[in-house]
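Undergrad: Take a look at this one; I'll ask things after.
The values are calculated or read from the model by the stated rules, or taken from the named source; none is laboratory data. Not measured: the values here are computed from a predicted model. Counting neighbours? That spans all protein chains shown, and the Cβs are built from the backbone with ideal geometry, glycine included. Calculation scope for accessible area: heavy atoms of the full protein, side chains included, ligands and nucleic acids excluded. Shrake-Rupley method; radii C 1.70, N 1.55, O 1.52, S 1.80 Å.
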There are 4 protein chains.
Amino acid sequence: MTGTGTGTRAARGRPRSAAADRAIVEAVLRLLERGVGIDALSMEGIAREAGVGKATVYRRWPGKDALLLDVMRTLEEPPAEVRGTSVRDDLVEVLERLRQRGLAKRNSALLRTVTSHFRSHPRLWREYHDTVIRARRELLHSVLRRGMASGEIRADLDVELLGDLFVGPMLARAMLHDEGELPGGLAERIVDGVLEGARPRK
Amino acid sequence: MTGTGTGTRAARGRPRSAAADRAIVEAVLRLLERGVGIDALSMEGIAREAGVGKATVYRRWPGKDALLLDVMRTLEEPPAEVRGTSVRDDLVEVLERLRQRGLAKRNSALLRTVTSHFRSHPRLWREYHDTVIRARRELLHSVLRRGMASGEIRADLDVELLGDLFVGPMLARAMLHDEGELPGGLAERIVDGVLEGARPRK
Amino acid sequence: MTGTGTGTRAARGRPRSAAADRAIVEAVLRLLERGVGIDALSMEGIAREAGVGKATVYRRWPGKDALLLDVMRTLEEPPAEVRGTSVRDDLVEVLERLRQRGLAKRNSALLRTVTSHFRSHPRLWREYHDTVIRARRELLHSVLRRGMASGEIRADLDVELLGDLFVGPMLARAMLHDEGELPGGLAERIVDGVLEGARPRK
Amino acid sequence: MTGTGTGTRAARGRPRSAAADRAIVEAVLRLLERGVGIDALSMEGIAREAGVGKATVYRRWPGKDALLLDVMRTLEEPPAEVRGTSVRDDLVEVLERLRQRGLAKRNSALLRTVTSHFRSHPRLWREYHDTVIRARRELLHSVLRRGMASGEIRADLDVELLGDLFVGPMLARAMLHDEGELPGGLAERIVDGVLEGARPRK
DNA sequence: CGTTAAGCGAGACGGTACGTCCTGTCTTCAT
DNA sequence: ATGAAGACAGGACGTACCGTCTCGCTTAACG
C-alpha cells in the first residue's frame with residue numbers, strides 16, 4: 001500500500017527510512033490543507049516541505065498521482081460491517097458515514113479536491129474506484145439484499161439501481177453543491193424519502 | 001461569453017480576429033478529444049495547435065482555466081422548457097437530457113474530465129456552477145413544484161431534497177461508475193423508482 | 001563568434017538581448033576569477049550569477065564547453081603583425097607577447113586553467129587550436145621564413161621544428177613550472193639561447 | 001602510495017582487500033581507455049565498473065582527484081640513470097624517453113588527458129609536479145651540468161633555461177599539436193638543433 | 001577457538017546540477 | 001492596436017552523482 005513496501009524483500013543495502021515515508025505523506029497533507037491546490041502541488045515542493053531529497057520521493061512513488069493515491073488511501077478507513085435493528089437503520093448508518101467523511105476535519109475540501117482530481121484521470125480513477133469505492137458499494141448492496149429478503153425493500157428492482165437511489169442524493173449534495181450542504185439528519189431524510197417514495201402513498 | 005468581448009469598446013486600431021477566437025477554442029477541443037489530458041494541456045501547446053501566438057491567447061483569456069470555462073460553456077446548450085402530459089414524463093425528460101449529455105460524442109469522457117477538473121478548483125467550480133448547473137436545477141425544481149401543486153408529488157418534502165433524490169442516482173451512475181453505465185431506459189427506471197419508493201407499497 | 005550570432009537572420013520575434021550576452025560572459029569570468037574552478041562552474045550557477053534564466057544560456061550555447069570556448073576567445077586578441085629591425089627582435093617580440101599573455105591580470109591562473117581544461121577534451125581542443133593557436137603559429141613561421149631568406153636563420157632546418165625550438169621553452173616555463181616563472185627578459189634569453197645554440201661556438 | 005596505506009596501523013579487524021585496490025585502479029584505466037572522459041568519470045561509475053561498493057573507494061581515496069593521481073603514478077616509472085658515450089647522446093636519450101611516453105599504448109591520449117586535467121587544478125598539479133615532473137627535471141639538469149663541465153655545453157647559460165630549451169620543443173609538439181606529431185628521430189633533431197643553434201655557424 | 005572490530009557489497013539518504021519544457025510577460029516587425 | 005514569432009526570468013520536471021550513512025554479511029587477528 002505505502003511506497004516502502006512490506007513484502008519479503010531481499011533486504012540488501014540500507015533499508016528505506018520509515019521516517020521519510022511518514023514525512024512525505026504528512027508533507028502532502030500539510031500542503032493540501034494549506035490550500036496549495038492539486039497542480040501547484042509539485043514533487044519538488046513536497047520534497048522540500050518534507051525535508052527530503054527528491055530522489056527519496058521518486059524511489060517510493062513513480063509520480064505525483066501515485067503518491068496522491070496512497071495519501072488518500074491512508075485517509076480512508078475500510079468500511080466496517082453494519083448490523084442494526086432494521087435495514088432502514090443500516091441504510092441511515094451507511095449514508096451517515098458518507099456524510100461524516102465529507103465533513104471530517106482533514107477531509108472536507110481536501111478530499112473533494114483530490115477525489116475530483118482522480119475522476120478527471122481515468123487510470124487514477126480506476127485505481128481509486130477499485131480499492132475505495134467498490135468496497136463501500138458492496139457493503140450497501142449487502143444491506144439492500146438483506147432488506148429484499150426480509151421484505152423491507154422491494155424485491156422487483158435491480159440492486160444496482162436501488163443502491164444508486166440511496167447513494168446518489170448524498171453524492172449530489174457533496175458534488176454539485178457547496179460546503180455546509182451536509183447538515184445533520186440528512187442521512188435519515190434521504191433514506192426515508194427514498195423508502196417512502198416521492199409520490200403520495202394513498 | 002467568448003474572450004473577445006461584446007461590450008462597447010473604443011475599437012481603435014486593428015480589431016481582434018474572430019478567426020483566432022475560433023481557432024483557439026477548436027484547438028482546445030481537438031487536443032482534449034485527442035486525449036491530451038487536462039494538465040498536459042498547456043497554453044503553449046494550445047497556441048501552437050491553433051497556429052496562433054501565445055499573446056493572442058492571453059489577450060483573450062487570463063489563463064487556462066478561464067479558457068476551459070468558456071470552451072465548456074460553448075458545449076452546453078441552455079435547458080429548454082419541458083411541459084409534457086404528466087409531471088412524471090417531465091421528470092423522465094429532464095433526466096434523459098442529463099443522460100444524453102453524458103453520452104454525446106464530443107462530451108463523454110471530455111465533459112466528465114473537464115467537469116471534474118473544475119470541481120477540484122473552487123473558484124472555477126463556483127463559476128461553472130452558477131452558470132451551468134444552477135439553470136438545470138431551477139428547471140427541475142419548477143417541475144417538482146408543479147407536481148406538488150397537482151398532487152402528483154408529496155408536498156411534505158423539501159424541494160431541494162426531492163431534486164437530489166431524482167438527480168443523484170443519475171449522477172452516481174455517471175460519476176462513480178464507468179463508461180457504458182448509462183443505458184437507455186435508465187431515466188424512466190430512476191424516476192419510477194423514486195416515485196414509488198424502495199419500500200413495498202402495501 | 002558569440003552566441004547571439006550576427007548573420008542575416010530572418011529577425012522574427014523578439015531579438016536576443018545583447019545585455020544577456022554580456023551578463024553571461026561576465027558572470028563566467030567573475031566566477032573563474034573568484035576561483036570557482038572549472039568543474040564547480042555549473043550552468044545553473046552561471047545563470048544565477050548572471051541574473052538570467054537557464055534557458056537563456058542554453059539558447060546561445062549548447063553547453064558549458066562551448067560557452068567557455070567563446071569566453072576564452074573574447075580574451076584573446078588576434079596576433080598583430082610584427083616587423084622590427086631584425087628577425088631576432090621580431091622573435092623576441094613574438095615570445096614576449098606569449099609571456100605577457102601568461103601574466104595578464106585576468107588571465108594568469110584563469111587562462112592556464114581553462115586552456116588545460118580544453119587540452120583534456122579533444123573536440124574542444126581542436127576548436128581552440130584551430131582558431132587561436134594556429135594563428136600564432138603562422139605568425140611565427142612567417143617571421144622564421146623571412147629570417148631564412150635573409151640569412152639570419154639556418155635554412156637547413158624544418159620551419160616547424162624551428163618554431164617549436166623557440167616556442168617550446170616558453171611553453172615549458174608556463175606549463176610545467178609555476179606562477180612567477182615568467183620573469184622579464186625571459187623572451188630575449190630564450191631567443192638568444194636558441195639562436196646561438198647550446199654548444200660553445202668555437 | 002596506493003590507497004591501502006603501508007603505515008603502522010593498529011591492524012584490528014578485517015584488513016583491506018588488496019583485490020579491491022587493484023579492481024578499482026584497473027576499473028579507472030579501463031574506463032579511461034574506453035574513452036569515458038575525465039569528467040564523465042564518476043566515483044559511482046568507477047565503483048560499479050570495479051564491482052565494489054562506493055564506500056570501499058572512499059575508504060581508500062578522499063575523492064576522484066586523489067584516486068586519479070595514484071592511478072597516474074602507477075603508469076610512470078621512475079627515470080633510470082643515463083650515461084652514454086657523449087652528453088649529446090644522453091640528451092637524445094632523455095628526450096627519446098619523453099617521446100616514447102607520449103606514444104605508449106595505454107598512455108597516448110589517456111596520459112595527455114589526465115595530465116591536462118591535473119594542470120587545471122592547482123593542488124593536483126603541485127602534487128603531480130613534485131612527484132613525477134621534478135624527478136625528470138633533475139635528471140636532465142645533471143646531464144647538462146656534466147656537459148658544461150666537459151665543455152660540450154656552454155657554461156655561460158642558466159641550467160634551468162638550458163633545460164627548457166631542450167624539453168620545451170618536445171613538449172610543444174605533444175601539447176600544442178595533435179596525435180602523430182611525435183615521429184621517430186624527433187629527439188635527435190631537437191637536440192642537434194638546440195646544440196648547433198638556429199643562426200648559421202660561420 | 002571464540003570474540004570482535006573493521007572490511008565488504010548494496011543501496012538509501014539529503015543535496016545539487018543536469019538539460020528540457022511551460023508560464024505569463026515582454027519586445028520586435030508587419031498588418 | 002492586433003497579429004505571429006519568439007526571447008525573457010522563473011521554476012518544476014525526472015535522472016544522475018555526490019559523499020555519507022546504515023544494513024547484514026564476511027574475514028582475519030587477538031586474546
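Undergrad: Out of B:A187, B:A135, report the one residue that is on the phi < 0 side of the Ramachandran plot, touching a Pro at 6+ places or on another chain (Cβ under 8 Å), outside any loop (DSSP other than H, G, I, E, B) and not assigned by TED's automatic domain parsing to the domain that holds B:V36.
TA: B:A135
Undergrad: A further question on this structure: I'd like the residue in region B:146-169 that is in contact with a Leu (Cβ under 7 Å, 6 or more places away or on another chain) and open to solvent by 10 Å² or more (accessible area, probe 1.4 Å) and, out of all such residues, is farthest from A:E152 (Cα to Cα).
TA: B:V159
Undergrad: A further question on this structure: Do we have A:D192 as part of a helix (DSSP H, G or I), open to solvent by 40 Å² or more (accessible area, probe 1.4 Å) and under 23 Å from B:R88 (Cα atoms) here?
TA: The answer is yes for A:D192.
Undergrad: Among B:V87, B:V114, which is in contact with a Gly (Cβ under 7 Å, 6 or more places away or on another chain), open to solvent by less than 20 Å² (accessible area, probe 1.4 Å) and assigned by TED's automatic domain parsing to the domain that holds B:H177?
TA: B:V87
Undergrad: Now a separate question. Filter region A:161-190 down to residues that are over 23 Å from A:S116 (Cβ atoms) and more than 9 Å from every other protein chain (Cβ to nearest Cβ), then give me how many there are.
TA: Total satisfying the criteria: 3.
Undergrad: When residues of region C:20-62 are filtered for being small (G, A, S) and either surrounded by fewer than 11 Cβ atoms within 10 Å (Cβ to Cβ) or away from DNA strand E (no atom under 13 Å from the Cβ) (or both), how many remain?
TA: Selection size over region C:20-62: 5.
Undergrad: Kindly establish whether D:R119 is modelled with pLDDT of 90 or more, surrounded by 15 or more Cβ atoms within 10 Å (Cβ to Cβ), within 14 Å of chain C (Cβ to nearest Cβ) and away from DNA strand F (no atom under 15 Å from the Cβ).
TA: In short, no.
Undergrad: Looking at (1) within 11 Å of chain C (Cβ to nearest Cβ); (2) surrounded by 15 or more Cβ atoms within 10 Å (Cβ to Cβ), which is the only condition D:D130 fails?
TA: (2)
Undergrad: Of (1) at the interface with chain A (Cβ under 7 Å from one of its Cβ atoms); (2) at pLDDT 95 or above; (3) assigned to a helix (DSSP H, G or I), B:G147 satisfies all except one. Which?
TA: Condition not satisfied by B:G147: (1).
A quick yes/no check of all residues on (1) within 18 Å of B:P122 (Cα to Cα); (2) in a helix (DSSP H, G or I):
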| site | (1), (2) |
| --- | --- |
| A:R73 | no, yes |
| A:P78 | no, no |
| A:D90 | no, yes |
| A:L98 | no, yes |
| A:L103 | yes, no |
| A:L110 | yes, yes |
| A:S116 | yes, yes |
| A:R123 | no, yes |
| A:E127 | no, yes |
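Undergrad: Give region A:39-68 a look and list any residue that's hydroxyl-bearing (S, T, Y), assigned to a helix (DSSP H, G or I) and within 8 Å of DNA strand F (Cβ to nearest atom), or say none.
TA: Listed by number, the list holds a single entry, A:Y58.
Undergrad: Looking only at region C:133-145, which residues are basic (K, R) and open to solvent by 60 Å² or more (accessible area, probe 1.4 Å)?
TA: Within region C:133-145, C:R134, C:R136, C:R145 qualify.
Undergrad: While we're here: Do we find that C:M72 is out of contact with any Leu (no Cβ under 6 Å at 6 or more places or on another chain), more than 16 Å from DNA strand E (Cβ to nearest atom) and farther than 29 Å from C:G151 by Cα in this structure?
TA: yes
Undergrad: Quick one: A:A80 ticks every box in (1) within 12 Å of DNA strand E (Cβ to nearest atom); (2) more than 14 Å from chain B (Cβ to nearest Cβ); (3) open to solvent by 50 Å² or more (accessible area, probe 1.4 Å); (4) modelled with pLDDT under 95 except a single one, so which number is it?
TA: Evaluating A:A80 over (1) within 12 Å of DNA strand E (Cβ to nearest atom); (2) more than 14 Å from chain B (Cβ to nearest Cβ); (3) open to solvent by 50 Å² or more (accessible area, probe 1.4 Å); (4) modelled with pLDDT under 95 leaves (1) as the failure.
Undergrad: When both residues are 6+ apart or on different chains and their Cβ atoms are under 9 Å apart, which pairs have a first residue that lies in region C:33-50 and is more than 12 Å from chain D (Cβ to nearest Cβ), and a second that is near DNA strand F (Cβ under 10 Å from one of its atoms) and part of a loop (DSSP other than H, G, I, E, B)?
TA: Between residues of region C:33-50 that are more than 12 Å from chain D (Cβ to nearest Cβ) and residues that are near DNA strand F (Cβ under 10 Å from one of its atoms) and part of a loop (DSSP other than H, G, I, E, B), the close pairs are C:I46/C:V52; C:A47/C:G53.
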